[in-house]
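Contents: one structure, followed by commentary.
The values are calculated or read from the model by the stated rules, or taken from the named source; none is laboratory data. All values derive from a computational prediction rather than experimental measurement. When we count neighbours, we look across all protein chains shown, and the Cβ atoms used for this are built from the backbone with ideal geometry, even at glycine.
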Amino acid sequence: MIKVTELAFCCYAVTDMARSRAFYEDTLGLKPTTVTDTENGKWTEYEFGPYALAIGAAPGWKPSPDGCSAALEVENFDEAIAHLREKKVTFRMEPFPTPVCRMAMISDPDGNTICIHKRNPKLT
């Protein structure tokens, strides 16, 4: 069974990262806390309190007026992925690492995207 521990972040797909960052930072006044540019896409996170709002540009992920996707922080990423595969859940994006986490995008029965997420341990 999956044990969700918290909501990791919500993320909006964008097509032009520079234009979007200008909006989120200049218009909304958010300060970027993580900026990532990898082979899997470009991501910018804005943390406030225990929450984060993110914007991302990645192949196969398009902006939608239907809203953003929730990222569910899980206790054990590998066990969660195995459980989802066992349940025959559709993976929209297979598990992949980033500099700050591991994640996978799954679809709910209506096709909504949910992110399964696990932050990397902080190095001290």
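ARG102 meets all of the listed conditions (1) modelled with pLDDT of 95 or more; (2) over 16 Å from the mean Cα position of the chain (by Cα); (3) not small (Gly, Ala, Ser) but one, namely (2). Please verify whether VAL89 is at pLDDT below 95, surrounded by 15 or more Cβ atoms within 10 Å (Cβ to Cβ) and farther than 20 Å from TYR51 by Cβ, treating the condition exactly as stated. Judged against the criteria, VAL89 is a match.
Quick grid of which residues meet (1) without any contact (Cβ under 8 Å) to a residue 24 or more places away in the chain; (2) assigned to a loop (DSSP other than H, G, I, E, B); (3) in contact with a Leu (Cβ under 9 Å, 6 or more places away or on another chain); (4) closer than 20 Å to ALA54 by Cα:
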{"site": "HIS83", "(1), (2), (3), (4)": "no, no, no, no"}
{"site": "MET93", "(1), (2), (3), (4)": "no, no, no, yes"}
{"site": "ARG102", "(1), (2), (3), (4)": "no, no, no, yes"}
{"site": "GLY111", "(1), (2), (3), (4)": "yes, yes, no, no"}
{"site": "LYS118", "(1), (2), (3), (4)": "no, no, no, yes"}
{"site": "LYS122", "(1), (2), (3), (4)": "yes, yes, no, yes"}
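Restricting attention to segment 30-40 and to residues that are in a loop (DSSP other than H, G, I, E, B) and not aliphatic (A, V, I, L, M), the residue that is surrounded by the fewest Cβ atoms within 10 Å (Cβ to Cβ) turns out to be GLU39. Between ALA18, ALA54, ALA22, the distinction of being of a type in the set (A, V, I, L, M), at pLDDT 90 or above, outside any loop (DSSP other than H, G, I, E, B) and within 18 Å of PRO97 (Cα to Cα) belongs to ALA54 only.
Checking the structure you have, find out if any residue of segment 77-90 is farther than 15 Å from ILE2 by Cα and out of contact with any Phe, Trp or Tyr (no Cβ under 6 Å at 6 or more places or on another chain). Looking for residues that are farther than 15 Å from ILE2 by Cα and out of contact with any Phe, Trp or Tyr (no Cβ under 6 Å at 6 or more places or on another chain), one finds at least one in segment 77-90, hence yes. The number of residues in segment 41-79 being within 20 Å of PRO95 (Cα to Cα), crowded, with 17+ Cβ neighbours inside 10 Å and without any contact (Cβ under 8 Å) to a residue 60 or more places away in the chain comes to 14. Pull up segment 1-29, narrow it to residues that are aromatic (Phe, Trp, Tyr) and in contact (Cβ under 8 Å) with a residue 12 or more places away in the chain, then point me to the one that is surrounded by the fewest Cβ atoms within 10 Å (Cβ to Cβ). That would be TYR12.
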